[in-house]
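Input: a single structure, listed below in structure tokens.
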Amino acid sequence: MDTVLLPADRALLEALERGAPMNLGRAVAVMERHGLDGLVLGDPVNVFHALGHWPQISRTRPGQPPGTFALLARDRPEQPGLVTSRFLHHYSWADGRDRSDVGVWLYTLMGDEGDEMAGEVPDSPVLPQRELAPLTAAEAHRARISAREAGSLSAYTDIGAALASAMRGLGLWNGRIGFDHPAIAQVAARREHPGELVSADNALREIRMVKSPLEHALMARAACANVDALNAVGHAIRAGASHVELQALFRMEAAARGNTAVFLNVDRVSSELSRIEVADGQTLMLDGVSQHLGYHGDFARTVFVGEPTRAAARAAEAAAFGWQAVREILRPGLRYSEIVAVGESAIRKAGYDAAIGFGPHSVGLAHTDEPGEVHGGFWRKPDIVLEAGMIISVDCPTLDTGIGGSAHCEDLVLITDTGAEPIHPLHDPVIIV
């Protein structure tokens with residue numbers, strides 16, 4: 001059978017084995033701006049960003065308190081900390097990497113008894129060794145990595161003791177620390193943490209906005225596969241196809257390219273229960289998002305199924321024209337509000353009367369990956385200023401109804417020092433079937 005692991009994939013996996021995707025220079029700058037001495041993180045997305053390790057158990061028990069944590073000190077970000085159970089270190093962390101730059105604090109039991117003393121460190125292997133046959137390659141690798149940590153002073157009875165010890169070991173105990181899960185604050189409170197803990201959600205999103213070269217490569221990989229998957233769906237559309245069938249096809253096409261589908265919006269409908277069928281002569285938008293190793297692709301195009309109405313064809317032209325006008329002016333220093341104004345002005349000056357919504361947003365470990373501001377107790381997007389290193393999308397969907405369908409045009413671009421460049425091949429704005 002043909003291999004499904006491309007050379008580019010191998011290079012990305014090897015890079016993640018050696019380090020984390022986070023832009024450490026950006027992380028230090030953001031921590032300085034927020035007056036943070038470090039970060040203590042339990043959300044799986046943030047643990048992955050800081051360590052390149054996704055806590056697998058979180059995928060099977062979403063919503064439960066974390067059992068794996070990442071720690072980052074502002075004064076030495078290149079030496080992060082990991083807190084996890086002895087079992088998960090052996091059974092998860094050890095599998096994908098062998099890193100000497102990460103400080104490791106292990107625990108045996110879930111929970112927090114407030115015990116500050118190191119627990120008794122077992123001398124035996126984490127899993128029984130029968131010695132009835134040679135160890136497999138995976139077993140030998142795990143045994144070697146686990147043996148390196150066994151007997152060290154980093155082994156504790158429970159999570160709370162290990163987490164508090166890690167904060168002390170990295171010099172964070174007395175400082176102003178950003179955290180992302182209430183369990184972290186509870187551990188600190190039980191031990192009368194003398195420093196200050198503040199919610200770091202916005203700071204973490206600020207870090208994620210300006211990406212490292214590894215993140216740029218991961219984003220390009222995810223985006224290219226996402227584009228190909230959506231184009232395959234677009235070219236397969238025929239009158240009579242239902243929305244739910246097209247969403248199922250997108251999941252299969254994404255998976256065939258190594259991505260995991262997140263959603264497909266068909267003709268402005270994203271419900272996974274929609275059995276509405278495509279009609280001959282209909283114009284419809286496809287907006288698809290899928291992810292690879294946590295990083296998201298986001299791409300949209302218009303599909304003509306047969307002969308479109310004149311109004312729908314003009315709307316598709318307007319969406320593509322507006323996105324082209326916006327793409328040409330993207331550069332560092334430009335505000336989101338200015339992007340919207342440029343798009344709206346361009347289509348009006350060109351004589352289009354279609355209502356097009358211009359929606360800029362950062363894309364990365366989330367589909368909308370930027371800090372927010374609290375407004376009346378609710379989150380809303382601030383007027384963000386573009387910076388070099390960001391990867392953004394500008395949604396350009398038609399908003400009119402009663403024109404014979406819907407239209408959309410969307411690509412992902414990297415903001416450079418002087419402008420913007422697409423991170424995936426550009427395609428015609430309309431798919432004709």
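Read-outs throughout are calculated quantities, based only on the coordinates presented, and are distinct from any laboratory measurement. Given the structure is predicted, the values throughout are model-derived calculations rather than measurements. Note: ideal-geometry Cβ built from the backbone for every residue, glycine included; neighbour counts use all protein chains shown.
Segment residue 427..residue 138, full-extension length gain: 99.7 nm, with 0.36 nm per residue of separation and the alpha-carbon distance subtracted. Between residue 279 and residue 199, what's the calculated FRET efficiency when r is the beta-carbon distance and R0 is 35 Å? Round to 0.05. The value I calculate is 0.10.
Each of 402, 60, 45 was scored by the projection of its Cα onto the charge dipole of the chain, and the greatest displacement toward the positive side belongs to 45; charges sit on the C-beta of Lys, Arg, Asp and Glu. The charge dipole of the stretch 20-209, taken about its Cα centre with unit charges on the Cβ of Lys, Arg, Asp and Glu (plus for the first two, minus for the last two), comes to roughly 500 debye.
State the antiparallel share, in %, of DSSP beta bridges confined to the chain, rounding to the nearest 5.
Working: 43 of 62 bridges.
Around 70 percent antiparallel, to the nearest 5.
Taking 359, 402, 96 as the candidate residues, the one with maximal mean-square fluctuation in a Gaussian network model of the chain, Cα springs under 10 Å, is 402.
Of 129, 56, 247, which is the most mobile in a GNM of the chain whose springs link Cα atoms less than 10 angstrom apart? For the chain, modelled as a Gaussian network with Cα springs under 10 Å, the answer is 129. Modelled label positions at residue 95 and residue 388, each set 7 Å beyond Cα in the direction of Cβ, lie 4.0 nm from each other.
Given the peptides 161-172, 293-304, arrange them by the average over their residues of other C-beta atoms within 10 Å, most packed first. Could the numbers behind the result be given before it?
Numbers: 161-172: 22.2, 293-304: 24.9.
So the order, starting with the most tightly packed, is 293-304, 161-172.
In this rough spin-label picture, where each label sits 7 Å from Cα along the Cβ direction, the residue 129-residue 348 distance is 7.4 nm. For the stretch 254-363, the Kirkwood hydrodynamic radius comes to 15.9 Å, computed from all pairs of different C-alpha atoms. For the stretch 234-271 and the stretch 185-231, write down the distance between their C-alpha centroids in whole Å. Taking the Cα centre of the stretch 185-231 as reference, the centre of the stretch 234-271 is 28 Å away. At an R0 of 45 angstrom, the distance between the Cβ atoms of residue 255 and residue 328 translates into a FRET efficiency of 0.80.
Simple rule: put +1 on each Lys or Arg Cβ and -1 on each Asp or Glu Cβ in the chain, find the dipole, and look at 23, 246, 384; the Cα lying farthest toward the positive end is 23. Using Cβ point charges alone (K and R +1, D and E -1), the dipole size of the chain about the Cα centre works out to roughly 120 debye. In plain terms, the residue of 110, 22 with the fewest other Cβ atoms within 10 Å comes first and the most crowded comes last, giving 110, 22. By the beta-carbon count within 10 Å of each Cβ, the least crowded to most crowded order of 26, 59, fewest first, is 59, 26.
Which residues in the stretch 384-400 place their backbone N less than 15 Å from a point set 7 Å from the Cα of residue 337 along the Cα-to-Cβ direction? Answer for this model: 384-386. Ordering 433, 233 from the fewest to the most neighbouring beta carbons within 10 Å gives 433, 233. Dipole magnitude for the stretch 213-432: computed about the Cα centre from +1 point charges on Lys and Arg Cβ and -1 point charges on Asp and Glu Cβ, it is near 180 debye. Of interest is the spacing of the C-alpha centroids, which for the stretch 344-398 and the stretch 276-302 amounts to 18 Å.
Tell me, what is the FRET efficiency for residue 310 and residue 17 to the nearest 0.05, using R0 = 56 angstrom and their Cβ-Cβ distance as r?
Details: r = 55 Å, r/R0 = 0.99.
The calculated FRET efficiency here is 0.50.
What length, rounded to one decimal in nm, is gained on full extension from residue 238 through to residue 24, with 0.36 nm per residue of separation minus their alpha-carbon distance? Full extension from residue 238 to residue 24 adds 72.3 nm.
Could you sort 387-395, 331-339 so that the peptide with the highest average Cβ count within 10 Å comes first and the rest follow in order?
Numbers: 387-395: 21.1, 331-339: 16.1.
Ranking the peptides 387-395, 331-339 by packing returns 387-395, 331-339.
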